[in-house]
1. Pull up all non-local amide H partners of residue A:35: gap of 5 or more, or a different chain, and H-to-H distance under 5 Å with H placed in the peptide plane.
2. Where the Cα atoms of the range B:93-153 are projected onto their three principal axes, how long is each span, largest first, in whole Å?
3. Which Cα, out of A:185, B:364, A:322, lies furthest along the positive dipole direction of the protein assembly as shown (beta carbon charges, K/R +1, D/E -1)?
4. Find every distance from the label point of residue B:2 to the corresponding label point in the other copies (7 Å from Cα along Cα→Cβ) and write them in nm, one decimal, shortest first.
5. For residue B:146, what residues show an amide H to amide H distance below 5 Å, using hydrogens built from the backbone and excluding near sequence neighbours?
6. Compute log10 of I(q)/I(0) for the range A:178-238 with the Debye formula, placing one identical point scatterer on every Cα and leaving out solvent, at q = 0.25, 0.26 Å⁻¹, to two decimals.
7. What are the ³J(HN,Hα) values, in whole Hz, obtained from phi via the Karplus relation 6.51 cos²θ - 1.76 cosθ + 1.60 with θ = phi - 60°, for each residue of the range A:38-43 in sequence order, with x given for Gly and Pro?
8. How large is the Kirkwood hydrodynamic radius of the protein assembly as shown, counting all unique pairs of alpha carbons, in Å?
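Readers should treat all values here as calculations from the given coordinates under stated rules, not as data from a laboratory. For clarity, every value in this text was computed on a predicted model and none was experimentally measured. So basically every Cβ, Gly included, is an ideal-geometry build from the backbone, and we count neighbours across all protein chains shown.
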2 protein chains.
Amino acid sequence: MSLIVQKYGGTSVGSVERIEAVAKKVADFRALGNEVVVVVSAMSGETNRLIGLANNITDSPSPREMDVLVSTGEQVTIALLAMALEKIGCPARSYTGAQVRILTDKSHTKARIEDIDVHRMQDDLAAGRVLVVAGFQGTDADGNITTLGRGGSDTTAVALAAALKADECQIYTDVDGVYTTDPRVVESAQRLDQITFEEMLEMASQGSKVLQIRAVEFAGKYKVPLRVLSSFEDGPGTLITLEEDESMEKPVVSGIAFNRDEAKLTIQGIPDTPGVAYRILGPIGEANIEVDVIVQNVSEDGTTALTFTVHRNDMKRAEEKLHEIARDLQAPTVIADADIVKVSLVGVGMRSHAGVASQMFQTLAEHSINIQMITTSEIKITVVIEEKYLELAVRALHTSFGLDVVDQSE
Amino acid sequence: MSLIVQKYGGTSVGSVERIEAVAKKVADFRALGNEVVVVVSAMSGETNRLIGLANNITDSPSPREMDVLVSTGEQVTIALLAMALEKIGCPARSYTGAQVRILTDKSHTKARIEDIDVHRMQDDLAAGRVLVVAGFQGTDADGNITTLGRGGSDTTAVALAAALKADECQIYTDVDGVYTTDPRVVESAQRLDQITFEEMLEMASQGSKVLQIRAVEFAGKYKVPLRVLSSFEDGPGTLITLEEDESMEKPVVSGIAFNRDEAKLTIQGIPDTPGVAYRILGPIGEANIEVDVIVQNVSEDGTTALTFTVHRNDMKRAEEKLHEIARDLQAPTVIADADIVKVSLVGVGMRSHAGVASQMFQTLAEHSINIQMITTSEIKITVVIEEKYLELAVRALHTSFGLDVVDQSE
């Protein structure tokens, strides 16, 4: 008998009919002899409806009261799903985050899970019940309702799987797995049967939105096997594992991620002295602007240039800040450019394979795509290019690294 | 400084605008130097929307899950009201029933309050905050969410007032007080400045729907001064007190209540032997049919007739049951009649005044209204009459007992 935690997102429980379909799926899975814990989000649209109510009252609602408000969304879903399960003869019991006692810190609207009490859940599982747990929410030590922030239901599912020592944590979503790249950009993108946590983390942090990055981190840390699969069609999905599968001939590159949400800022003609990077990026960090890729060029004339990327929404603020800093440093030029994208090759195979970077640069060169920035990590190579080349670059790299679907009929 | 518990029903918090109006009212009241605890219901329509969702899934949802579902209604209101209060500079904090720890028994959908933990609330009051508490809900000893049944927010308010030893419990509603009778039936009905708990209980049990009968019982038991007043207009409302006001010239009759929801059942020709009433009403009670007025006539021929009233919805069931009983008792006749109403005079003044009953009967006789049943208690006289005479009877009695508004310009 396996213990499985399943998580269904807002779209999967978006109507009474869909909740009934989820109930059927869960009951079938239990009938196969599994113990099942189900984590659900609010019905799609509900969280936005609740936020809309709050915004009709005030632009700056207290975070504590926002959590009291939006946590009702999942509470509605757990009750309805438990009813739907009981209706088809599957014993079930719903739990709010506070009822499980998913203990979090006190950071309302973006709380972090500190501890999970498993005793009551284990009693209910032993009694043969399916547990239906509200995702995204918990309680702090003083009994205040907290939420984990948007998408936090994935984190709830992984944390419950870790605490209950579940055999697998299954994240049901509207896609049927993790792909080599976004199928909307590359038609021949393939679903991956398996991917490592490290790769998934790099994919997620580069804009592949299948899973919340915190949930992946959590699963990696607690060694919870994680599977992404579709709510709407049957299939094996993608298993996210701790170890790369040695028995298989793995491709060097597992996937290609990209991100259109960033902008590039350059400050030129700065004195090439120790500490200058800190004097520039320190004030940017203090202004709560998150910096992603950073590149500093080697100087020829005693001055240097620093280039970095930030979220596009932060570009204006970062640019203003940079002008202030430029005045202090007597640096002549600040350039802001929103017309960029980041493209990353991800794969644990890179560790043992040389030549990935040069093959990447050659492929881009063959298509006359100019590379503006380059950074690398052990399992990732990222380039920043002009936005209009995004589709061309991703498709060319997808083919070049052998990721295209092989037509089975050939 | 007074500690006041205020309760606002679903209509009073039925929209964002109305919630803001309530916030204003509460903040003004606090600004006068009062400590305020506010109890709110779900926004009007919300509870029915939630019940509708459940009914789309199953005709017989588990009571436990219904409570998880519908309790979200008040949770939304408390968050929004707390936000609205904070927006206008009034420190506030919301509490669900479980967060207060309103401990109830385990009777889901109709739980009874067993205990209220006041420590956390007292800390918040001492810190100058307005407390916004979800009405209608609590938690059992195992942490399951319970609800008190429809209208239970009144009970929550009174129970909180009792536990906190509040100076007054104010129930804001869509009427501006308790009236001598229903103003829709008698135009000259007057708002009462004051009424005793006993009178209010009799009025409520006779169909005057201003307050939940359980809330009145609770307030009487714990000696909580209770005031009914309007959410939408200023005014003193009606104070429900423990003692009748000796300083005032009280009318003998305080109000006239009536009830159209009952039906009358008669079983005739039964043997006039000890225990026969039990043999008839025992099975009716076992069938979960509540019996209200009961009258047994004196027999002339060794047989007797028993007449009683039940809720109209139960009439068919009661009639079938009665036919079974009639067969056992070899009683010849069972008569069911839905065409009746109950009219009651209520007033603590009756205790010390003779002649109220005869004045009532005389008034009805003058209007040729036949009395079908009579029962009396210390502070109430009830008659059952044909339904078509309802308005005529109530108006005639209202005038006869001096309850009509005296035109101030006279």
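1. For residue A:35, whose amide H was placed from the backbone, the distant partners under 5 Å are A:2, A:3, A:4.
2. Principal extents (largest minus smallest coordinate, Cα): 35, 22, 14 Å.
3. A:322
4. Once sorted, the set of distances for residue B:2 reads 6.5 nm.
5. The list, which skips near neighbours in sequence, is B:138, B:139, B:140.
6. Each listed q maps to, in turn, -1.16, -1.23.
7. 10, 10, 10, 8, 5, 4
8. Working: mean 1/r = 0.0315 Å⁻¹.
Evaluated on the protein assembly as shown, it is 31.7 Å.
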